[in-house]
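Below is one structure, written out as structure tokens; comments come after it.
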Amino acid sequence: MPDSRSVPLTAVDALRVEGVDFSYANGHRVFTGLDLNARAGEFVAILGPSGCGKTTLLNLLSGFQAPQAGRVTVNGAATRPELPELGYVFQSPQLFPWLNALDNVRFGLRVNGALDEPGQRERALAYLRLVGLESVAGRLPSQLSGGMQQRVSLARALALEPSVLLMDEPFAALDAISRASMNEETLRLWSRLGQTIVFITHDIDEAVFLADRVVVLNIAPGGIHSELAIDLPRPRSNLQTRRLPAFLDYRNELMGRIAEVMAQSPFLLESTS
């Protein structure tokens, strides 16, 4: 089974993390000398149990938090939250309850001063159409299901047309059926739009289904435990892909690696017993 434990940084990397150290103000050390990359157009899943630094890593990639040493770059430029190349999808939709779906998608365009008002509305509607929600453009978030709200959140991030999309466990709160649907929707959009995606998850099946490469994190401050290239045919579907023997092989391999990570922490073993 292919295993890439030290992927070289290349000229086509959309994201680079080089020699990053990060600790919180209370002294909790999360990363020491962390190196990571994501190639242009690659779908990278970051996998690991709670406490390994998955969300901290995404905050470093986005520039919401700054490393004490090393650097993080997006398309060669130092990362920062307002970088136009970056899009961010959070764990919860975080929609403005007083704005309808169209205006929620349009919000980032307004803040960035992109296009005039008719152009903003046209683009927002186009991305609602892309996620299958053109018909609910006038509804408030409270009138939408959880899955629909997350689609609006995804459309809002995509409307800014970023080249790199950071996704922080965006479907964790959804029911199993909605989550499976959103997994397929994400792959459909990624295939069409071609962004680089870094996707945080604690779900092994989700990581295998989505990714070109899965990065397994150690318990902090251990950094990267290992990386696994996922060589499954695309396009992928829940019905067909999850039945493949290779899917189960990748799943079992990653389960073994997560078990190795958890064995480093007696607390994690106790919490899951």
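Annotations for the structure displayed:
- The range 96-161: radius of gyration over Cα atoms, expressed as a fraction of 2.2 N^0.38 Å: 0.97
- Residues listed by number, the range 171-195, amide nitrogen under 17 Å from Ala114 label point at 7 Å toward C-beta: 189-190, 192-195
- Rg over Rh [alpha-carbon atoms, Kirkwood Rh] for the range 153-273: 0.98
- In nm, spacing of pseudo-spin labels at Ser50 and Gln91 (7 Å Cα→C-beta vector): 0.9 nm
- Cα centroid separation, the range 182-247 to the range 65-119: 23 Å.
- 3J(HN,Hα) from dihedral phi, the range 175-182, Karplus parametrisation 6.51/-1.76/1.60, rounded to Hz, x for glycine, proline: 5, 4, 5, 5, 5, 4, 5, 5
- Scattering from the range 126-196 was approximated by placing one identical point on each alpha carbon and applying the Debye formula without solvent; log10 I(q)/I(0) at 0.25, 0.27 1/Å stands at -1.30, -1.45.
- Taking only alpha carbon atoms, the chain gives an Rg to Rh ratio of 0.97, where Rh is the Kirkwood radius.
- Label-point gap, in nm, between His202 and Ala246 - each point 7 angstrom along Cα→Cβ: 3.0 nm
No value in this document is a laboratory result; all are computed from the given coordinates. Not measured: the values here are computed from a predicted model. Every residue, glycine among them, receives a Cβ derived from its backbone with ideal geometry; neighbour counts consider all protein chains shown.
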